[in-house]
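To start, the structure under review is shown below, and the notes come after it.
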Amino acid sequence: MKRFIKTLLFAATACAACSVSAQEAEADRILGIYEVVGETTNELSKVKIYKTGDTYEARIIWLEHPYDEAGNPRLDALNPDPALRSGRADAIVLLRGLHYDAKKERWTGGTIYNPVDGNVYDAQAEFDSPHELRVRGYIGKPLFGRDLVWNKLE
């Protein structure tokens with residue numbers, strides 16, 4: 001009887017581990033490099049989504065126009081944190097704190113920073129297709145927001 005109980009507990013633990021592993025793999029599907037076209041500027045950029053602990057973040061890694069007219073690196077001049085205003089625009093962290101919601105098959109609970117207006121909005125993201133990630137920034141409820149489609153390159 002003890003052997004049966006041990007076998008049953010081992011099987012239950014193994015099944016739980018497989019389930020967590022599959023869910024983590026699904027959540028990590030968001031990881032990668034994306035091409036983004038700015039909503040108001042139409043400027044092309046590349047963004048990398050990476051994992052920090054159990055949340056996901058996104059950072060600009062390339063800008064079509066990284067320098068201003070004088071040849072100086074563009075800065076994050078509108079950042080609400082004065083200490084970050086001297087940071088380069090081609091290294092801005094855009095998304096923070098996204099968590100994967102397996103039931104809804106989307107990433108929620110994060111924030112998105114808009115360097116064009118210097119504001120931070122609530123954020124969520126979900127795939128429209130294997131290579132199109134719809135990122136929504138909103139105030140209060142997702143109904144009151146805007147979408148950007150990020151195209152996954154790798």
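If you check Ile61 against the conditions, is it free of Cβ contacts under 8 Å to residues at least 40 places away in the same chain, open to solvent by 30 Å² or more (accessible area, probe 1.4 Å) and aliphatic (A, V, I, L, M)?
Yes, satisfied.
Name the single residue, out of those in segment 71-82 being of a type in the set (A, V, I, L, M) and open to solvent by 80 Å² or more (accessible area, probe 1.4 Å), that is nearest to Glu35 (Cα to Cα).
Across segment 71-82, the extreme among qualifying residues is Leu75.
Mind checking whether some residue in segment 109-124 is polar (S, T, N, Q) and either surrounded by fewer than 13 Cβ atoms within 10 Å (Cβ to Cβ) or touching a Phe, Trp or Tyr at 6+ places or on another chain (Cβ under 6 Å) (or both)?
For segment 109-124, residues polar (S, T, N, Q) and either surrounded by fewer than 13 Cβ atoms within 10 Å (Cβ to Cβ) or touching a Phe, Trp or Tyr at 6+ places or on another chain (Cβ under 6 Å) (or both): absent.
Of everything in segment 88-98, what is farther than 18 Å from Thr52 by Cβ and open to solvent by less than 60 Å² (accessible area, probe 1.4 Å)? Give them in sequence order.
The answer is Ala89, Asp90.
Given the conditions (1) open to solvent by less than 80 Å² (accessible area, probe 1.4 Å); (2) in contact with a strand residue (DSSP E or B) (Cβ under 9 Å, 6 or more places away or on another chain), report the number of the one that Tyr67 does not fulfil.
(1)
What's the number of the condition Leu63 fails, among (1) within 23 Å of Ile139 (Cα to Cα); (2) out of contact with any Lys or Arg (no Cβ under 6 Å at 6 or more places or on another chain); (3) of a type outside the set (S, T, N, Q)?
Of the numbered conditions (1) within 23 Å of Ile139 (Cα to Cα); (2) out of contact with any Lys or Arg (no Cβ under 6 Å at 6 or more places or on another chain); (3) of a type outside the set (S, T, N, Q), the odd one out for Leu63 is (1).
Say we look at segment 133-154 and pick out the residues that are open to solvent by 80 Å² or more (accessible area, probe 1.4 Å) and of a type in the set (A, V, I, L, M); which of these is modelled with the lowest pLDDT?
Selected residue: Leu143.
For (1) touching a residue at least 24 places away in the same chain (Cβ under 8 Å); (2) open to solvent by 50 Å² or more (accessible area, probe 1.4 Å); (3) more than 21 Å from Trp150 (Cα to Cα), each residue gets a yes or a no:
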| position | (1), (2), (3) |
| --- | --- |
| Glu39 | yes, yes, no |
| Glu43 | no, no, no |
| Lys51 | no, yes, no |
| Arg85 | no, yes, yes |
| Tyr100 | yes, no, no |
| His131 | no, yes, no |
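The values are calculated or read from the model by the stated rules, or taken from the named source; none is laboratory data. Bear in mind that the values here come from a model prediction, so they are computed numbers and not experimental data. Please note: Cβ atoms are built from the backbone with ideal geometry, for glycine as well, and neighbour counts cover all protein chains shown. In case anyone asks, the SASA skips ligands and DNA or RNA and just uses the protein heavy atoms, side chains included. Shrake-Rupley method; radii C 1.70, N 1.55, O 1.52, S 1.80 Å.
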